[in-house]
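The values are calculated or read from the model by the stated rules, or taken from the named source; none is laboratory data. Fair warning: this is a prediction, and the values are worked out from it, not measured in the lab. Note that each Cβ is placed from the backbone with ideal geometry, even for glycine, and that neighbours are counted across all protein chains shown. For the accessible areas, the whole protein counts, side chains as well, though only heavy atoms, and no ligand, DNA or RNA atoms are used. Shrake-Rupley method; radii C 1.70, N 1.55, O 1.52, S 1.80 Å.
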Amino acid sequence: MNNDASPGHGPTQVLRDARLCLLASRDEAEEFLAWSQDELGPGNTDNWDDVRVAAVIRFLGGIDDLQQLFGCTVLASAGEYFAVLVEVGQLLSGPSRRANRLIDHPALLEASIGRLGRPGSNTGTSSSALVSPRDAAAVPSQQSCTGKGVLVGVVDTVFDVGHPAFLDARGESRVRWIWDVNAAQSSTSVPAGRLYTGDELRPPGIQIEQWETRAEATIDPELNWVWRRHGTIVSSIVGGYGAGGSFEGVAPKAELAFVGAGNETTGRVGDAADLLAGLHRLMREPGPVVANLSTADPLGPHDGTLLGERLLDELLLLPGRSVVVCAGNFGFARPAKGRGQGYRHDHAVVPACDGSAQFVLRFDDFLDLPTVAEIWIEAGPVPQVMIDGSVDYGGRASLSVQTAEAPVAVTVPPFPSHACGNVLAVLTPSESRQRWCLSVFFHPASPTRNRGPFFPSSTWTVTVNGAQGRVHAWLDRNNIERGGWYAPLPRDEWLASTVGAPATARRVITVGAVDAAGLALSSGTGVGPTLDGRLKPDLSARGEGLLAAVLRSNQSPWGDSGDGTSVATPLVAGTVALLFEAWGAHARHATWFDIRQALLRGAGLPDGAAGWDPALGAGTLNAGCVLAPAPPDVDLWIPRVSDDNGEEPLVREFICDSPAIVFSPASDGAVNVDVAVHNRGRRSASKVRVRLFVANVGASTLEFAAAGSPWTTEGIDTPEHMVDLQPNASASVRFVLRPGHKVMQLMAVADNSDDPLPRDAAPSSCNNMALRTFDPHFATSASRWTTLTLRGSGRGESVALRLLNGSGKLMLRGLSLAALPWREASIYERHGRQCRLLFGEQGHDPLTGYEKELTDEGTISMRTDIEGAGSLSISHQSVTIESVADTLWMPRLRLAAKTELRFEVAATDIAQSALIGLSVFSDGRRAGGALFTGASLAPIGAS
């Protein structure tokens, strides 16, 4: 759904999830709930309106609105996205005994029931010798980083807290807390389940009801194997201690936290709400924090637009946090079993369909768990879908699915009775009605005295008419090795774009798996790119033959990790913990982009190839190169801060005071600007362009090469010079600036054909660009307010302000209310279902004429996302803010592209030596900033 929702949208158009569309039809809801208790949770189907489900929603109101108006339990939230527990009746359209329902409220834009994933590992035993995780991550033996001072969180299945892998040298637990999201016994400190801390974590450990051995009763032995071991294995790889030696994880001195999520009966790891609840708690811990998520869902659009993926991206706006996710084990073909020959795939695609597409879905064996198939259809008019099924031992069924306006559900018993299960199908349109999703639910019959749940081996042909573009089909892996999309031979194009959710989110680190030889894992690894063309996975790591912690009931508490992307992912998460330790106190300022860049600089493809590989990403992890990268042959460098050593990325709170840019007086009121440029490389650098640009304070460097860029050469005599640099040599270039009376930000750039500047460069990611703030009237200015100018990039802007070297509070005035998020449901009750216009867009803002004064920090944060504000007042569409202490964090400012937003900043009780630091973020990346006094912008360190 895009950001341009119009007031005319009815409740059924909000429901973009197939299961919710089924629930939206009261005729189907009771039957659906009756056979979906394993997904929706226990409840009384005689009063199914009151069954509580986990859902992810996009909602324009606040947390208090969800709690007070609709009785929701909010598990996680970030921006407009919420993971909640909500009664089914709140999401059903049509007649109801409820006077006030969430589905009817105009502040609700999208809703989806939580999606389920599976652990991304298998039971395979390595044919090669087992290696320690630190060796598998290529951590040098002399490397001193151990993850000390970093919190590593794992969201997974079972965790053996008393295992020696999670004790320190004194035998004390290294676990800060464990949250069992699904525990029946609740804790007041968490929104659901129970939190274990302190003495509860002491050896020999705790026995949590949700994690008992009920999984032993499941039919599938592989599911049981994975469920019982997965969380412990993953945690030991990322941060096991084991008293040193070969038993060490990648970050053996990191502090650990664990979130238990999932369903033991099905072996699936939680749902989107469970996972997001755990990740939300981890992301709100004091940084630095890295979270490991070794679970994947093969269903969905595979383009990062699932509501849970968008919520996860919003959580990662906060620096000092990283989420590392497995790509899933979906990128391979398996020989078909039973009748006939051929191969089964998790994914099938017709890349350019003009009319009709057909797929064959084959179940080689009976199913004992519900299974869902999804077909995503690009189409202008409404597509027509026919589904024909035949059972191996007799019986046929067919159904037709078509809708003109609203989502539609069709149910059919495929056989004379429900003795063998049933099938439901639903077709739902996207917001633009240019893409449609067909979901087909195959549900086994209920167990009897003689057998368990049962859906027969069968073949289903799905024919789509009216497609115009790409048509792709997916099957979940609830019934491992029992079904898939059939083809006579393996189809290479079917193996592409198989990275699972939530690994297609934009700001997570996505990890594929390789074998001991560095080749893509034969048992499967999610293959890119994403369906919107982004390069995922980011990198790969060894996914087999690791020495890991296993159940202590075994003869040895250490053993084979199994294989899969679940095993590879904690190697990368552990390396992020080492990075955080290496960055020291600066680590809490690392953005998601900094972390990704640092990891990719240490990855390598086979035979030294360059670029990106669909299965391996940027290449296989090498932690040694991540922590100590070698400079390239030609490496142009302009020092960005006083202690800059030239490495990329540079992680600092403020990167806007380059010592390589020096001011001195010139004649006729001009200013000399000397820029020092270095070559860190091993080869000579010829024809190096050294350029100088100016912009208003607050401009984003990511807009440097954009059309209508705020960076210009106005007032600079000869803004470009050419120099040659020998290896390890330096040169100084002088520019003459005629600033007039304008306060400005200066940016120096050095590049050539061997070391070009990327289009979306920033000083944090590129060492050949640097920033410095200049104010020609610093000595005489009496103004205590400084004007900042932000320019919208279309990617989302955030601002951090901090008072340095002094005590007092920050003040901000003149900020347009249209640029702030405002989360209050009552606004939309008056104006209907619509998104507010961005600042700079033409039209009516529902907040026009809104007046308000808030003095509670928590309420201000809930309404505006601003953290650190003690008071906020609105008058005539203008906002005034005063901080509680010395910091303000203002994420998700709402600026239209190329629109300039101006506001003023000052400080109270500021000391003469105090400075205000500004960092500007775009798309979560640090993109600019400034240092200035409470009186005016200062030329810091000017001669």
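Before moving on, here are some points about what is shown:
- Considering the range 707-748, the residues that are buried (at least 16 other Cβ atoms within 10 Å of the Cβ), in a loop (DSSP other than H, G, I, E, B) and free of Cβ contacts under 8 Å to residues at least 60 places away in the same chain include one that is farthest from the chain's Cα centre (by Cα), namely Gly715.
- Apart from one condition, Val152 fits all of (1) at pLDDT 95 or above; (2) open to solvent by 40 Å² or more (accessible area, probe 1.4 Å); the exception is (2).
- In the range 527-543, the qualifying residues are those that are open to solvent by less than 30 Å² (accessible area, probe 1.4 Å) and over 17 Å from the mean Cα position of the chain (by Cα), and the one that is farthest from Ala609 (Cα to Cα) is Gly543.
- Among residues of the range 641-652 that are of a type in the set (Gly, Ala, Ser), those with a Cβ under 6 angstrom from a residue that is part of a loop (DSSP other than H, G, I, E, B), sequence gap 6+ or separate chain, pair up as Ser642/Pro659; Gly646/Arg680; Gly646/Asn767.
- Any hit, the range 331-342, residues being in contact (Cβ under 8 Å) with a residue 40 or more places away in the chain, open to solvent by less than 10 Å² (accessible area, probe 1.4 Å) and within 17 Å of Ala501 (Cα to Cα): no
- Checking each residue in the range 871-899 for being within 13 Å of Leu854 (Cβ to Cβ) and in contact with a helix residue (DSSP H, G or I) (Cβ under 6 Å, 6 or more places away or on another chain) picks out Leu872, Ile874, Val879, Val884.
- Residue check, Leu702 assigned to a helix (DSSP H, G or I) and touching a strand residue (DSSP E or B) at 6+ places or on another chain (Cβ under 7 Å): yes
- Total residues in the range 603-631, condition part of a helix (DSSP H, G or I) and out of contact with any strand residue (DSSP E or B) (no Cβ under 9 Å at 6 or more places or on another chain): 5
- Tabulated pairs, the range 592-621, first within 15 Å of Gly518 (Cα to Cα) and in the same structural domain as Val572 (by the TED database), second among the hydroxyl-bearing types (Ser, Thr, Tyr) and assigned to a loop (DSSP other than H, G, I, E, B), C-beta under 6 angstrom, 6+ apart or interchain: Ala615/Thr525
- Qualifying residue in the range 352-362 (condition: open to solvent by 10 Å² or more (accessible area, probe 1.4 Å), modelled with pLDDT of 90 or more, of a type in the set (A, V, I, L, M) and under 22 Å from Asp388 (Cβ atoms)): yes
- Any hit, the range 587-602, residues being at pLDDT below 95, part of a loop (DSSP other than H, G, I, E, B) and crowded, with 20+ Cβ neighbours inside 10 Å: yes
- Condition check for Gly355: in contact (Cβ under 8 Å) with a residue 24 or more places away in the chain and either assigned by the TED database to the domain that holds Glu867 or in a strand (DSSP E or B) (or both): yes
- Condition check for Ala54: in contact with a helix residue (DSSP H, G or I) (Cβ under 6 Å, 6 or more places away or on another chain) and at pLDDT 90 or above: no
- Residues of the range 879-898 that are in contact with a strand residue (DSSP E or B) (Cβ under 6 Å, 6 or more places away or on another chain) and surrounded by fewer than 17 Cβ atoms within 10 Å (Cβ to Cβ): Val884, Thr887.
- Cross-chain or 6+ apart pairs with Cβ under 7 Å, the range 841-868 first and free of Cβ contacts under 8 Å to residues at least 12 places away in the same chain, then in a loop (DSSP other than H, G, I, E, B) and surrounded by fewer than 19 Cβ atoms within 10 Å (Cβ to Cβ): Gly843/Leu837
A quick yes/no check of all residues on (1) buried (at least 24 other Cβ atoms within 10 Å of the Cβ); (2) over 18 Å from Gly193 (Cβ atoms):
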| position | (1), (2) |
| --- | --- |
| Asp50 | no, yes |
| Val53 | yes, no |
| Gly61 | yes, yes |
| Leu66 | yes, yes |
| Leu69 | no, yes |
| Ala76 | yes, no |
| Phe82 | yes, no |
| Glu87 | no, yes |
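- Ala573 being part of a helix (DSSP H, G or I) and closer than 20 Å to Ser322 by Cα: yes
- Flag for Ile874 being open to solvent by less than 40 Å² (accessible area, probe 1.4 Å), in a strand (DSSP E or B), over 28 Å from Ile103 (Cβ atoms) and hydrophobic (A, V, I, L, M, F, W, C): yes
- Entry remark, the range 455-499: residues being outside any strand (DSSP E or B), modelled with pLDDT of 90 or more and in contact with a Cys (Cβ under 8 Å, 6 or more places away or on another chain) number 0 in total.
- Pro319 outside the structural domain of Ala473 (by the TED database), open to solvent by 10 Å² or more (accessible area, probe 1.4 Å), modelled with pLDDT of 95 or more and assigned to a loop (DSSP other than H, G, I, E, B): yes
- Any hit, the range 105-119, residues being buried (at least 24 other Cβ atoms within 10 Å of the Cβ), closer than 29 Å to Pro821 by Cβ, at pLDDT below 70 and small (Gly, Ala, Ser): yes
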